[in-house]
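Notes follow the structure.
The values are calculated or read from the model by the stated rules, or taken from the named source; none is laboratory data. Just so it is clear, the structure is predicted and the values come from calculations on it, not from any experiment. Every residue, glycine as well, gets a Cβ built from its backbone with ideal geometry; the counts of neighbours run over all protein chains shown.
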């Protein structure tokens, strides 16, 4: 008999074991929902899968009675636009800040303390200030996402820049490279895959800020819809929206990982 | 196995409506409901609970909608809410609910404020910030109706009540619909005009203590104790004597204002200090008409659920008559206990 620590599942078993908790959760939900609906057929807390299906049909496949729009896709489009813009802005600023503070000690001396302090401000706490500065429109939502995740990306890139072996910098200098050449040809290419990693890690926070901003003032968006229908406990809409956000987050993460492997195959060699 | 797990889940998730002796009620911060805190603090609720040999726990919930959801899920036996939310959340969710105490109606506590304009008709074409699907939204619809406009003439932006005041200060925001104390805060800003408020639709926004109908039927003692306690609290608050001032000062502090601020909130609330006043509204035809307007508004906005074919889908029972489907009555205005209080039978 092999020791437990040495027993590894076969590929097939591994898949089955991985699926098991999901199946159990779905079954538990089905039992609970059935039990509650048997007692009160209009119960809204745990809708049946049929009710959820009807809600998806209504939100995604039929135009809204009032506005004629396909609400689900409208919400998805506007949320993804906000998230995309916020993340793009944050990664551009974060990369620049991280690269220069990491590579140039003079810049680091003046910018790093500020960066550290700014990164400690809880972005949600300054929401009312953001509204006054940026107004209530799209700008404030994008700004919240950007302000929320830029410091994280910047500090991560700064750290990665400093981790690049100094031998490389010395080597480049003996070959006659000047500062801008070192930054553009030695540091930047090596930082790109790390930027993708940082963005992947910060997307969770990005979603959090997106939904928080949409909950406060909006006319469409995934977070807006959830907080709106919460008013009459429409779990048949909320649950598929949560599942959809989870799926979107998963797909975006997987896309970024694939992108990184395609663009920077050298970074992923050697088991990285 | 399936049967056993089903049984266990039923045990876990169901609320039994049999006779019990300990109960929980919840309230959220609002001028018409905060007296419950006074009742709990001064031992008035305990005194009445002891009289009927039961326990009543009074819990404050910070988030109003969350408190209603908790009640609808069966976590609480009774909860404070407005007539509209009682219809659209517990009643539409199939929880048979009874308005045990009709506490007051909003008489200016909900309003619409415009920046730079002083007539409601000017709202046409503007963007209005409000908590969508709330009483403010209902008030906006009623206000627009009164000047011959419809909701198509404005654009509604769902805005969290917590941020309403901060949002109003930004230049892009020109119209808001909200409730007190936010309303007076917003209306007092420069160049702001209160163009419509709930005093123009008196008796339509009613603040209630809603109780689970089955629980009430199985435990009349709970209804008696709560009603008795409420009118004792009201008696303490009413009038200008020292006890009333002390009570109001206590409530003002709880509401984050001072005595003058609390008095001004009371001034825009038509409190029913005696059961006779509450009964006059409850027993009138007006309640039914109001519930009809509310049900039609709610149905138009999809609040009664997508399965609802029309506004009469959920029956509302009032002492005068029943509105809607009498086979599906989920909201009841029950004058029984307030009548007992009036007759001194508690």
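Would you confirm whether any residue within segment B:278-295 is closer than 13 Å to residue B:87 by Cβ, assigned to a helix (DSSP H, G or I), in the same structural domain as residue B:51 (by TED's automatic domain parsing) and touching a helix residue (DSSP H, G or I) at 6+ places or on another chain (Cβ under 6 Å)?
Scanning segment B:278-295, I find at least one residue that is closer than 13 Å to residue B:87 by Cβ, assigned to a helix (DSSP H, G or I), in the same structural domain as residue B:51 (by TED's automatic domain parsing) and touching a helix residue (DSSP H, G or I) at 6+ places or on another chain (Cβ under 6 Å), so the answer is yes.
Do you know which of the residues in segment A:39-68 that are assigned to a helix (DSSP H, G or I), within 8 Å of another protein chain (Cβ to nearest Cβ) and without any contact (Cβ under 8 Å) to a residue 40 or more places away in the chain is surrounded by the most Cβ atoms within 10 Å (Cβ to Cβ)?
Across segment A:39-68, the extreme among qualifying residues is A:58.
Hey, could you check segment B:310-327 for residues that are out of contact with any helix residue (DSSP H, G or I) (no Cβ under 8 Å at 6 or more places or on another chain) and crowded, with 17+ Cβ neighbours inside 10 Å and say which is farthest from residue B:50 (Cα to Cα)?
B:315
Considering only segment B:144-167, state which residues are assigned to a helix (DSSP H, G or I) and crowded, with 23+ Cβ neighbours inside 10 Å.
B:164, B:167
Assess whether residue B:264 counts as being surrounded by fewer than 18 Cβ atoms within 10 Å (Cβ to Cβ) and more than 24 Å from residue B:140 (Cβ to Cβ).
no
On the given criteria, is residue B:109 facing another protein chain (nearest Cβ under 10 Å), surrounded by 24 or more Cβ atoms within 10 Å (Cβ to Cβ) and either under 26 Å from residue B:280 (Cα atoms) or without any contact (Cβ under 8 Å) to a residue 60 or more places away in the chain (or both)?
no
Condition check ((1) at pLDDT below 90; (2) surrounded by 21 or more Cβ atoms within 10 Å (Cβ to Cβ)) across all residues:
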{"position": "B:254", "(1), (2)": "yes, no"}
{"position": "B:270", "(1), (2)": "no, yes"}
{"position": "B:279", "(1), (2)": "no, no"}
{"position": "B:289", "(1), (2)": "no, no"}
{"position": "B:329", "(1), (2)": "no, no"}
{"position": "B:332", "(1), (2)": "no, yes"}
{"position": "B:339", "(1), (2)": "no, no"}
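Tell me, which residue of segment B:44-55 that is surrounded by fewer than 23 Cβ atoms within 10 Å (Cβ to Cβ) and in contact with a strand residue (DSSP E or B) (Cβ under 8 Å, 6 or more places away or on another chain) is farthest from the other protein chains (Cβ to nearest Cβ)?
In this case the residue turns out to be B:46.
Just one of (1) within 14 Å of chain B (Cβ to nearest Cβ); (2) farther than 19 Å from residue A:218 by Cβ; (3) under 27 Å from the mean Cα position of the chain (by Cα); (4) buried (at least 17 other Cβ atoms within 10 Å of the Cβ) trips up residue A:71, so point out which.
Tallying (1) within 14 Å of chain B (Cβ to nearest Cβ); (2) farther than 19 Å from residue A:218 by Cβ; (3) under 27 Å from the mean Cα position of the chain (by Cα); (4) buried (at least 17 other Cβ atoms within 10 Å of the Cβ), residue A:71 fails exactly one: (2).
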